[in-house]
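Scroll down for the structure; my scribbles are underneath it.
The values are calculated or read from the model by the stated rules, or taken from the named source; none is laboratory data. Keep in mind that what you see is a predicted model, and the values were worked out from it rather than measured. Protein only, heavy atoms only, side chains kept; ligands, DNA and RNA dropped before computing areas. Shrake-Rupley method; radii C 1.70, N 1.55, O 1.52, S 1.80 Å.
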Amino acid sequence: QVQLVESGGGLVQPGGSLRLSCAASRRIFLFDRMGWYRQAPGKERELVAAITSGGSTNYVDSVKGRFTISRDGAKNTVYLQMNSLNPEDTAVYYCNAQISINLANYWGQGTQVTVSS
């Protein structure tokens, strides 16, 4: 069973930065894609950023230029660097990992990010 453990959430003022980490219990290059989703109260969960095993990345339009997804294979960890945060970024952020061949889809427990003055 794959485990994903997020960390790095917290309370930050508008304009501030946070870096989220997602530590996987297996080699991250075995996943076809890893990503960060978020869910704000009363809203659907949305994909924020993703990175494929080949290194391609994609972002939701609202975070382009502010957020960066990256990975460290030696640490089996994926990161989400979040800059210029605004209150609309407030949500629970979830790490996700997918393996296409068997439709496997794994989730972390989530980490709260609150942007407020």
Using a probe radius of 1.4 Å on heavy atoms only, what accessible surface per residue do you get for the range 25-109? Whole Å² is fine.
52 Å²
Whole-Å distance, taken between Cα centres, linking the range 82-117 and the range 2-63:
4 Å
Shape metrics for the chain, restricted to C-alpha atoms - Rg then Dmax, Å
13.5, 45
Limiting things to C-alpha atoms, what are the Rg and the maximum Cα-Cα separation (Dmax) for the range 68-113, in angstroms?
13.0, 38
